[in-house]
Amino acid sequence: MKIALAQFNPVVGDLSANAAKIREIYSRAVEQQVELLILPELAVCGYPPEDLLYKNHFVEDNRLELESLAADCRDLTMIVGFAEGRDDMIYNSAAVLQDGAVGQIYRKALLPNYGVFDERRYFHPGSEPLVANVKGIGVAITICEDIWSPVWLLDYLKNAPDFQILANISASPFHTGKFGLRAEMIRKYATDFNAAVCYCNLVGGQDEIVFDGRSIIFDSKGKIQAQGKAFEQDMIIADVLSEDSGVKVVSQHPTPTLPGDEIDEIYQALILGTRDYTAKNNFKKALVGLSGGIDSSVVACIAVAAMGAENVTGITMPSKFSSADTKTDARKLAENLGIDFMELPIQSIVDDFDGCLQSVAGWDNTSIAYENLQARVRGTMLMTLSNQFGAIVLVSSNKSETAVGYSTLYGDTAGGFSVIKDVAKTVVYKLADRINQLARTEIIPASVITRPPTAELRDDQKDSDSLPEYELLDAILKGYIEQDKSAQELVAQGLPADDVLRVIKMVDMNEYKRRQCPPGIKITAKAFGRDRRLPITNHYRPKI
């Protein structure tokens with residue numbers, strides 16, 4: 001039997017457009033003489049639909065689209081994800097479309113409720129396995145989380161009818177290191193069940209989440225026979241042949257070029273996440289505040305890769321504390337990228353604010369408040385230009401700074417989308433190096449990469465005046481935020497106790513800032529926002 005796995009990029013809620021994409025995929029599959037076409041989880045309505053599922057008319061409309069697809073796509077069997085039911089009995093389901101009708105339906109049994117997932121808020125779990133008969137071959141259908149619990153799945157399917165193919169339709173969000181875990185798990189299922197495993201994943205950006213595709217087909221010996229592209233739409237095709245010794249798979253798809261390492265993965269995820277967030281929300285133009293520093297330089301490069309140089313404008317807003325070097329580097333970066341560039345000095349505006357505030361008892365223009373005033377003037381300038389021209393402001397705050405509150409509310413956090421919100425500062429430097437390597441030229445000036453990082457809000461300021469060195473800071477943050485380690489555990493692994501306690505306090509005290517930051521792309525196992533939900537009012541303090 002010839003099988004196709006189609007990883008495509010739906011838009012949540014755009015039912016008719018998603019169905020049109022599925023029809024186009026179906027037509028290509030028919031041309032290739034495919035007999036079974038598998039599409040991702042909730043392909044009809046997009047993933048995650050969140051509280052749209054509380055609207056019965058939304059669920060009903062997605063069912064009508066599914067029935068229309070079945071009627072129009074008669075020449076092969078399709079497995080398609082959709083939302084089923086109404087009121088408090090909604091299911092995350094997979095429909096088998098055969099002979100012009102919606103046939104058997106499988107309901108997802110394991111509902112994830114961790115990290116970015118809230119499925120128990122919306123869905124009722126299914127309880128029965130389903131093995132569909134397609135051209136005389138048994139296809140066991142599962143949905144995403146169903147395959148992430150090996151002991152449960154082996155027990156769940158042990159009494160199911162014989163099957164030669166285990167199909168999993170998925171919407172599995174990307175984070176670094178996940179693909180290797182996923183592939184090893186799927187490989188083991190192939191040998192455990194002595195079956196081919198067809199894993200079809202979503203691709204594209206949806207708010208903070210990026211889906212990486214990389215659909216995959218294993219034969220019953222646990223060998224990869226076909227694989228989809230990373231971070232791109234793709235359709236992989238293979239012949240699946242049942243034999244006495246197992247299931248043979250013969251790929252009809254060329255092996256794609258996959259990301260070379262973790263930094264390549266992150267870079268591609270950030271580009272896709274930025275492209276889809278802006279395009280799906282109808283932003284054609286973007287503004288980036290260029291400070292001449294590493295963060296804004298990397299964000300500008302990602303914006304150009306995602307949206308095209310003609311759609312990006314860099315804006316530098318120097319004050320009296322801005323050095324000649326950073327002003328030169330901001331302009332040079334814009335020239336290297338071929339983007340429009342504006343220089344809008346802010347010192348006179350800051351002076352006007354300062355003059356007005358002189359009448360306030362206790363006002364101090366050498367204070368942190370004065371430093372932050374400069375950032376807020378810049379944020380106001382960017383948002384005003386956004387308002388005037390309909391361009392989205394891309395924020396340049398990184399995870400390290402966001403974690404400890406080394407950012408200004410309504411200043412450098414102001415904007416519509418925070419591109420590197422989940423990217424540690426040490427990784428930002430690696431991205432800058434990789435961008436130059438890929439371009440085979442110095443897009444980001446070398447001085448931007450080698451200069452000690454500074455906010456330039458006072459004379460001779462360096463980030464290290466307020467924070468530990470970033471290598472140490474990021475090590476503490478990774479343990480505390482992404483791995484939920486205690487202060488004792490962090491110290492036990494060799495991190496300095498004073499720095500550990502200081503950083504943890506900064507993280508805990510700045511939850512209120514993070515709640516007001518714009519959404520940004522998830523690239524780690526635990527990002528700020530939906531992944532990590534802590535109370536703002538919180539007096540728990542770890543001790544050593």
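The values are calculated or read from the model by the stated rules, or taken from the named source; none is laboratory data. Fair warning: this is a prediction, and the values are worked out from it, not measured in the lab. Counting neighbours? That spans all protein chains shown, and the Cβs are built from the backbone with ideal geometry, glycine included.
Numbers at a glance
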read-out: Any hit, region 416-429, residues being touching a Cys at 6+ places or on another chain (Cβ under 8 Å) and within 30 Å of Leu385 (Cα to Cα); value: yes
read-out: Residue in region 181-188 that is under 19 Å from Glu232 (Cα atoms), assigned to a helix (DSSP H, G or I) and either modelled with pLDDT under 95 or in contact with a Cys (Cβ under 6 Å, 6 or more places away or on another chain) (or both) present; value: yes
read-out: Among residues of region 422-442, those that are in a loop (DSSP other than H, G, I, E, B) and either surrounded by fewer than 21 Cβ atoms within 10 Å (Cβ to Cβ) or out of contact with any helix residue (DSSP H, G or I) (no Cβ under 6 Å at 6 or more places or on another chain) (or both), counted; value: 3
read-out: Residues being more than 16 Å from Pro256 (Cβ to Cβ) and over 20 Å from the mean Cα position of the chain (by Cα) - total across region 4-17; value: 3
read-out: Any hit, region 335-353, residues being acidic (Asp, Glu) and modelled with pLDDT under 95; value: no
read-out: Matching option when the condition is within 24 Å of Ile236 (Cα to Cα), basic (Lys, Arg) and surrounded by fewer than 23 Cβ atoms within 10 Å (Cβ to Cβ), among Arg121, Arg107, Arg74; value: Arg74
read-out: Condition check for Thr326: among the polar types (S, T, N, Q), touching a residue at least 60 places away in the same chain (Cβ under 8 Å) and either assigned by TED's automatic domain parsing to the domain that holds Gly213 or more than 21 Å from Ser447 (Cβ to Cβ) (or both); value: no
read-out: Candidates Val393, Val360, filtered to the one that is of a type in the set (A, V, I, L, M, F, W, C) and under 22 Å from Ala527 (Cβ atoms); value: Val393
read-out: Pairs, first assigned by TED's automatic domain parsing to the domain that holds Phe174 and at negative phi in region 21-48, second part of a loop (DSSP other than H, G, I, E, B) and of a type in the set (Ser, Thr, Tyr), C-beta under 7 Å, six or more apart; value: Glu41/Tyr47
read-out: Filtered residues of region 33-52 (kept if among the hydrophobic types (A, V, I, L, M, F, W, C) and buried (at least 22 other Cβ atoms within 10 Å of the Cβ)); value: Val34, Leu36, Leu37, Ile38, Leu39, Leu42, Ala43, Val44, Cys45
read-out: Single unsatisfied condition, Pro161 versus (1) in a strand (DSSP E or B); (2) within 22 Å of Leu241 (Cα to Cα); value: (1)
read-out: So Phe58, is it crowded, with 16+ Cβ neighbours inside 10 Å, in contact with a Cys (Cβ under 8 Å, 6 or more places away or on another chain) and at pLDDT 95 or above; value: yes
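Residues are listed down the side, and each one gets a yes or a no for (1) assigned to a strand (DSSP E or B); (2) free of Cβ contacts under 8 Å to residues at least 40 places away in the same chain; (3) of a type in the set (Val, Ile, Thr):
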| residue | (1), (2), (3) |
| --- | --- |
| Gly204 | yes, no, no |
| Asp212 | yes, no, no |
| Ile217 | yes, no, yes |
| Lys221 | no, yes, no |
| Gln225 | yes, yes, no |
| Ile237 | yes, no, yes |
| Ser242 | yes, no, no |
